[in-house]
Each structure stands twice: as C-alpha cells, then as structure tokens.
Amino acid sequence: MPLDYPIHERTLANGLRIVVSPDHSVPTVTVNLWVGVGSRHEVAGRTGFAHLFEHLMFQGSRQVASGEHFSALMAQGGRLNATTWFDRTNYFETIPVGALDLALWLEADRHGYLLDAVNQANLDNQRDVVKEEKRQRYDNVPYGNVMRDIHATLFPEGHPYHHPTIGSMADLDAASVADVHAFFEAHYRPDNTLITLVGDITPEDGFAKVERYFGALPARPGAARPVLGQLPPLAEPVRLDVVGEVPNDRLHFAFRLPVENDQDFLAADLALEALGGLAISRLVRRLVREDQVANSVQAHAMGFVDGVSLGLIAIDVAEGARATEVEEAFLEELRRFLQDGPSPAEMEAALAQSERSWLTALAAQDERADLISHYGLLHNDPGFVNTVLDRLAAVSAADVTRVARQWLAPSARAVVSYLTPEKAQAA
C-alpha cells in the first residue's frame with residue numbers, strides 16, 4: 001500500500017517555496033527550512049563558510065538579539081537546532097501551535113536581515129566557536145578526520161565533495177566580514193530556500209502565515225551553480241594509510257555511487273545493506289562471527305546530488321588480526337557477492353531494513369518534515385516520501401547485482417586505513 005502523507009505546495013512571488021503537510025495527531029508544528037547552500041558551494045580558500053553561517057544565524061539579526069532565537073522558542077516549549085552538509089544547510093524547530101507565528105517571525109528576520117547583526121565581533125566569536133568544534137570533534141579524537149580523508153581520497157582535487165564541511169583553520173582565519181556578507185547575499189535568497197510545515201495546521205493557514213512573514217523579503221539575483229555530470233567509478237584502487245594513536249586498526253572502503261535521485265542509488269544502497277549493513281550480512285557472518293578478525297562491520301550509502309554519491313564499508317579490526325588479512329577476506333567476499341548477487345534471504349533482509357528505516361523516520365513529525373524538505377529542495381520532489389517504498393520494492397536482486405558490479409568492484413575502491421604504530425611496523 002503506498003504512503004499518503006498530504007503534500008501541499010506553493011511558491012511566493014519572491015521565489016520562496018512552501019510545503020505544508022497537515023498532521024493533527026498532536027498540537028505541535030515543525031518548521032523546517034532548507035537553504036540550497038553547503039560545502040559543495042564553497043570555493044578554494046573559503047571553505048567552512050556554510051557551517052560558519054549555521055552558527056552566525058543564531059547570533060542575532062535586525063530585530064533579534066544574539067541568542068534570542070533559542071531562548072524565545074525554548075521558553076514556549078520548543079526544541080530547535082540546525083545542521084550543515086555538503087548540499088544544504090537546514091534550520092528547524094518543533095513548537096506548540098501557538099508559537100508558530102513567533103517561530104516564523106524569528107526565521108524571517110534572520111533569513112532576510114541577518115547582515116544587520118554581522119559585525120567583526122560576532123564573526124570573531126563564532127569563528128572561534130567553529131574552530132574549537134573542529135578541534136573537539138575532528139582533530140583531537142581517534143578517527144576524527146576519517147571522513148575528511150575518505151572524501152579527499154575518493155574525489156579529485158577541486159571536486160565539490162573533496163573538502164570537508166568543517167573547512168580548514170586557515171580558511172576560517174582568512175574570513176573577513178566582507179566575505180561573509182557576500183556569501184550570505186549569494187546564497188541566502190528566498191528562491192534558494194524551501195520551508196516545510198508539518199503539524200496541526202491547515203494548508204491555507206500555513207501558506208498565509210509564511211506569506212505574512214516571508215512574503216516581503218526581497219528577491220535577490222543569484223547565479224545557479226551548474227551541477228556536474230556523473231562521476232564514474234575509480235579506474236583503479238587508491239589508498240591512504242594513516243598511522244596514529246588509535247585504539248585499534250580500522251579499514252574504510254569507499255566507492256563512488258550514482259546520484260541520490262537515480263533509481264540505481266537505491267540498488268547500491270541495498271547492495272551495501274546486504275554486504276555489511278545488517279546483523280546477518282555476509283561480511284558480518286564471515287569476519288565477525290566465523291573468522292573473528294573484526295569487531296564490527298558497518299556499511300551504508302550517502303546520497304549526494306552533484307554528480308556522485310558515496311558508498312562506505314568500515315571494518316573495525318579485532319585485536320590480534322592483521323589489517324592486510326582482513327582486507328583480503330573482505331575482497332574475497334565482495335568478489336563472491338559480485339559473482340552471485342544477493343541471496344533471497346539477503347535481499348529480503350536488505351529490503352526489510354530499508355523499509356523499516358524509512359517508516360521509522362517518517363513516523364516522527366520532525367524527521368518527516370526534514371525528508372520532505374530534503375527531496376523538495378534538492379530534487380524538486382517533496383512527494384518522494386510517498387513513493388519511496390514503491391521505488392524500493394521495484395528494485396530486484398538482478399538490479400542489485402548489476403549495480404554492484406558497476407560501482408562496487410574491487411578495482412573501484414578507495415581504501416583509507418587507520419593503523420596503530422605497532423601494527424603499521426609489523427605490516
């Protein structure tokens with residue numbers, strides 16, 4: 001049975017897109033805004049700007065004091081936050097219905113008039129916050145820079161996904177107030193933003209409220225960044241070995257995949273589930289349970305929009321096992337999978353796991369709003385949430401085998417290994 005979440009859409013005169021999805025089960029509303037700017041829109045020498053803006057957006061705007069966005073909505077019983085990724089930045093809050101006008105007024109003020117409050121003091125303050133976050137989450141923790149290393153190894157220099165969202169210390173230091181103003185003007189435009197409202201509200205009321213607060217925001221010209229063509233699989237393996245103070249060896253196998261809205265991306269995702277994303281997956285059976293050379297195996301796909309996505313398999317090497325032997329066992333199982341395809345049990349389990357993940361996410365009002373914004377902004381398809389299970393069901397074992405052979409071949413792998421000094425010397 002197809003899903004049937006109500007999807008109502010409207011576009012304002014200034015280009016702002018609105019999606020309203022009524023849900024009268026609880027007296028709350030989720031306000032979810034996606035802005036079409038992430039680290040893939042940054043230029044060399046100015047990385048980390050998208051994430052820096054996520055922080056600056058809570059430091060006040062024309063009529064809102066620094067920190068007031070949080071305090072005002074939390075005082076009404078709301079919860080809120082923001083995140084930055086390669087393809088977008090999103091801002092979200094779930095509040096009681098009675099606080100919806102306040103939430104929209106706050107969002108409209110910072111999305112339209114942030115620059116009234118962006119001065120050197122605010123920039124310096126939030127630059128220091130971001131740099132400290134980089135130290136705590138990336139630079140000074142074991143395996144903290146693994147995703148940076150994976151992206152830099154898998155994607156060529158200059159590619160939009162080559163550099164991490166957090167940016168570099170040097171680029172953050174070099175950011176000027178003029179740079180920040182120019183970045184905001186280029187990307188924080190009504191026609192580059194989508195607002196989704198999910199909750200105890202009618203479409204007519206939702207459209208009227210968004211029009212009231214956002215309709216007067218001026219449209220600003222902005223050149224659309226061209227989307228790159230599909231990046232092919234690697235022609236030959238590449239690897240990066242990192243020796244450092246890590247608890248134990250870890251192997252990461254990364255592959256280029258089709259873009260997120262390609263049906264073959266779903267097949268690649270199911271292939272990774274069958275290989276290593278499930279408790280019964282063949283890599284878990286072989287490496288963790290039978291050979292006992294790995295503590296865990298994780299596998300998943302990350303969907304991107306600019307010419308490529310990413311497939312990742314991470315293997316935590318058990319004490320006493322050699323990383324080279326674990327990699328050989330992994331390649332043996334991968335070749336067997338490419339030759340035979342998923343078994344009926346593996347295919348059934350992978351489909352069930354994907355369906356369960358989607359249904360769990362869609363059951364929550366705030367996550368459903370986020371997924372509607374995701375597919376509405378990046379793929380112009382907010383109704384994807386109603387069709388995804390049908391699209392998954394249409395993927396056959398033959399599709400999974402075909403796509404895996406094309407995109408997950410051993411020759412197309414990028415390997416990033418994190419090794420303890422003792423293991424590296426013994427290798």
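None of Ser71, Ser61 is without any contact (Cβ under 8 Å) to a residue 24 or more places away in the chain and either among the polar types (S, T, N, Q) or over 25 Å from His181 (Cβ atoms) (or both) except Ser71. Can you say whether Leu392 is crowded, with 20+ Cβ neighbours inside 10 Å and among the aliphatic types (A, V, I, L, M), as far as the supplied structure shows? Answer is no for this residue. Assess whether Pro160 counts as being under 30 Å from Ser417 (Cα atoms), out of contact with any strand residue (DSSP E or B) (no Cβ under 9 Å at 6 or more places or on another chain) and surrounded by 20 or more Cβ atoms within 10 Å (Cβ to Cβ). So Pro160 fits the description; yes. When only residues in the stretch 396-427 that are open to solvent by 10 Å² or more (accessible area, probe 1.4 Å) and part of a loop (DSSP other than H, G, I, E, B) count, which is farthest from Leu234 (Cα to Cα)? Among them, the one singled out is Thr420. Counting only residues that are part of a loop (DSSP other than H, G, I, E, B) and touching a helix residue (DSSP H, G or I) at 6+ places or on another chain (Cβ under 6 Å), how many does the stretch 201-218 have? Total meeting the criteria: 1. Kindly indicate whether Gly215 is of a type outside the set (Asp, Glu), open to solvent by 10 Å² or more (accessible area, probe 1.4 Å), more than 29 Å from Asp306 (Cα to Cα) and at pLDDT 90 or above. Criteria met by Gly215.
Annotation: of all residues in the stretch 302-352 being among the acidic types (Asp, Glu) and either modelled with pLDDT under 95 or surrounded by 21 or more Cβ atoms within 10 Å (Cβ to Cβ) (or both), the one that is farthest from Leu283 (Cα to Cα) is Asp306. Among the residues of this structure, Leu194 does not count as one that is crowded, with 21+ Cβ neighbours inside 10 Å, among the aliphatic types (A, V, I, L, M) and modelled with pLDDT under 95.
Of all residues in the stretch 335-363, exactly one satisfies the criterion of being among the aromatic types (Phe, Trp, Tyr) and farther than 12 Å from Leu275 by Cβ, namely Trp358.
Highlighted here are the strands (runs of 3 or more DSSP E) found entirely within the stretch 1-62 that include at least 1 residues which are polar (S, T, N, Q) and open to solvent by 20 Å² or more (accessible area, probe 1.4 Å): 8-11, 28-35. Residue check: Gly276 meets all listed conditions (1) in contact (Cβ under 8 Å) with a residue 60 or more places away in the chain; (2) under 19 Å from Leu351 (Cβ atoms) but one, namely (1).
Report yes if Leu251 is in contact with a strand residue (DSSP E or B) (Cβ under 9 Å, 6 or more places away or on another chain), farther than 30 Å from Asp390 by Cα, open to solvent by less than 20 Å² (accessible area, probe 1.4 Å) and not basic (Lys, Arg), otherwise no. Criteria met by Leu251. Taking the conditions exactly as written (open to solvent by less than 40 Å² (accessible area, probe 1.4 Å) and either touching a helix residue (DSSP H, G or I) at 6+ places or on another chain (Cβ under 7 Å) or closer than 23 Å to Gln63 by Cβ (or both)), does His181 satisfy them or not? Here the answer is no, as His181 does not meet what is asked. Tell me, yes or no, whether the stretch 171-184 has at least one residue that is of a type outside the set (Val, Ile, Thr), modelled with pLDDT of 95 or more and under 27 Å from Ile372 (Cβ atoms). No, the stretch 171-184 contains no residue that is of a type outside the set (Val, Ile, Thr), modelled with pLDDT of 95 or more and under 27 Å from Ile372 (Cβ atoms). Scanning the stretch 1-33 for residues that are over 25 Å from the mean Cα position of the chain (by Cα) and aliphatic (A, V, I, L, M) gives Met1, Leu12, Ala13, Val26.
Kindly indicate whether Gly222 is open to solvent by less than 70 Å² (accessible area, probe 1.4 Å), in a loop (DSSP other than H, G, I, E, B) and among the small types (Gly, Ala, Ser). Answer is yes for this residue.
Among the residues in the stretch 221-238, are any within 18 Å of Gln298 (Cβ to Cβ), among the β-branched types (Val, Ile, Thr) and at pLDDT below 95? Even if it seems obvious, please write down each step before you answer.
First, the residues of the stretch 221-238 that are within 18 Å of Gln298 (Cβ to Cβ): none.
The answer is no; no qualifying residue exists.
The values are calculated or read from the model by the stated rules, or taken from the named source; none is laboratory data. Predicted, not measured: the structure shown is a model, and the values here were computed from it. Counting neighbours? That spans all protein chains shown, and the Cβs are built from the backbone with ideal geometry, glycine included. What goes into the accessible areas is simple: the full protein's heavy atoms, side chains included, and nothing from ligands, DNA or RNA. Shrake-Rupley method; radii C 1.70, N 1.55, O 1.52, S 1.80 Å.
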